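See structure below.
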Amino acid sequence: MVKKVGGLVASIVASHSPRMGVEENAPEFIKGLIDGLRELGRTARALEPDAIVLHSAHWVSTFWWYVPRHEIHEGICVADEAPDLIPGSPYRFKGEPALAEAIADGLNAEGIDCRTFDTPHWSWDYGCYVPLHYMDPASSVPIVLLPTVLCSDPEENRKVGRLVHDVGKDTGKRIVFVSSCALSHDVVRGPERWPTKERQSLDHKFIELATEGRVVELTAWLPEFIGTGVAEMGGRTISSMVGGIEALAQDYGELVGKQFGPYAQSSGSGNAHVAVFPKTSKGM
Ligand SMILES: [Fe+2]
């Protein structure tokens, strides 16, 4: 049997404001982002991936990387920092235990301590739930999740993005990689408030570099974006997406990206869904 060509088929940043969590309660200014997640999901599923690997900004681990190896992810998502916005949304998604184990093995082999678990009492944070329930409402694609690790730096997160691609190649699994985070994230009180003009400019530059596949520039500029843009979770989550883009560029050369939905605000943060693919991908 010919081994399928695996690896990342797209590297994505998808935003997850809890105001998007329950659609009927979502404010007007954020509804475009919900529609964008649905369109992003249709495009991602059309790539016929074996799994979506999502790196969440709101599942926080202090020391180690973790990968859940559940056959089925089932539970009720409550946004612990905004339980009025997401008071209890049930979810049920397929997992991918073999890929979860392979990702843990791949990280450990590179000296990045990663553990697996399968307790049924664990439940998803809203950084996992919000994008995924719009992107794949029927759970047609198995899910593997990664936390934001406080003891990791952005460079380690870039490496994790690249390693997930390597694990996909080794296992023959086609992977859509999603970093679930905002762009600039200097949050303030006031749901409808925009980032400063300067940070909006930084966000638009990020979108431009990503959608034009300008990988070398994006990697070189990333520390400035993280610092001046006050990227979410110290830039850890956006860094794994950039690592995924670097891996795609190394194997496929020319890349191209697309923004799904608008650029929109939420409490001073800047939000956009952006996917980057090999230029030869049928996703474009
Ligand atoms: Fe967030």
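The modelled label-to-label distance for the pair residue 71/residue 42, using points 7 Å beyond Cα in the direction of Cβ, is 3.4 nm. Computed extension length for residue 94-residue 153: 18.2 nm, one decimal, from 0.36 nm per residue of separation with the Cα-Cα distance subtracted.
What is the sum of charges, Lys and Arg at +1 and Asp and Glu at -1, for the other residues whose Cβ falls under 10 Å from the Cβ of residue 229?
On the way: positive: 199, 205; negative: 186, 198, 203, 224, 232.
Once positives and negatives cancel, what remains is -3.
Of the cross-linked pairs 4/94; 94/169; 159/258; 4/173, which ones have a Cα-Cα span greater than 19 Å in the structure shown? Could the numbers behind the result be given before it?
On the way: 4/94 21 Å; 94/169 21 Å; 159/258 23 Å; 4/173 7 Å.
Flagged as over cut-off: 4/94; 94/169; 159/258.
Give me the net charge for the shell around residue 108: Cβ to Cβ below 12 angstrom, other residues only, Lys and Arg +1, Asp and Glu -1.
My count for the surroundings of residue 108 gives -3.
From the largest down, segment 7-278 spans 44, 42, 36 angstrom on the principal axes of its Cα atoms.
Residues 55, 121, ranked from the fewest to the most other C-beta atoms within 10 Å, line up as 121, 55. Between residue 251 and residue 116, the simple label model (points 7 Å from Cα in the Cβ direction) yields a spacing of 2.0 nm.
Starting from the Cα-Cα distance between residue 60 and residue 105, subtract it from 0.36 nm times their residue separation and give me the gain in nm to one decimal. Mind dumping the intermediate values first?
Numbers: separation 45, 0.36 × 45 = 16.20 nm, distance 2.04 nm.
Length difference between fully extended and current span is 14.2 nm.
Report note on the peptides 78-90, 8-20: ranked by the mean count of other C-beta atoms within 10 Å, highest first, their order is 8-20, 78-90.
Close amide H pairs (under 5 Å, H built 1.01 Å from N) link residue 213 with 257, residues at least 5 positions away or on another chain.
Note down the relative contact order for the chain as a percent, whole number, built from C-alpha pairs under 8 angstrom at least six residues apart. Walk me through the intermediate numbers first.
Details: 682 pairs, mean separation 89.2, N = 284.
The value is 31 percent.
Here the chain carries DSSP beta bridges of which approximately 45% are antiparallel, counting only pairs with both residues inside.
Let me spell out the model: positive unit charges on the Cβ of Lys and Arg, negative unit charges on the Cβ of Asp and Glu, origin at the Cα centre of segment 7-278. What dipole size does that give, in debye rounded to 20? Could you put the intermediate results ahead of the total?
On the way: 23 positive and 37 negative charges, 68 e Å.
Dipole magnitude for segment 7-278 comes out near 320 debye.
Please list 252-263, 122-133, 199-210 highest first by mean number of surrounding beta-carbon atoms within 10 Å per residue. Each step should come with its number before you reach the end.
Values: 252-263: 18.3, 122-133: 24.8, 199-210: 20.1.
Sorting 252-263, 122-133, 199-210 by mean packing, highest first, produces 122-133, 199-210, 252-263.
At a Förster distance of 35 Å, what's the computed FRET efficiency of residue 22 paired with residue 216, Cβ-Cβ distance as r, to 0.05? In this case the efficiency is close to 0.30. Look at the dipole of segment 1-159 built from charges on Cβ: of 52, 83, 146, the Cα furthest out on the positive end belongs to 52. With K and R counted +1 and D and E -1, the other residues having a Cβ less than 11 Å from that of residue 175 yield a net charge of 0.
Since every read-out is calculated from the coordinates, none of them should be taken as a lab result. Owing to the predicted nature of the structure, the values given are computational and were not obtained by experimental measurement. Every residue, glycine among them, receives a Cβ derived from its backbone with ideal geometry; neighbour counts consider all protein chains shown.
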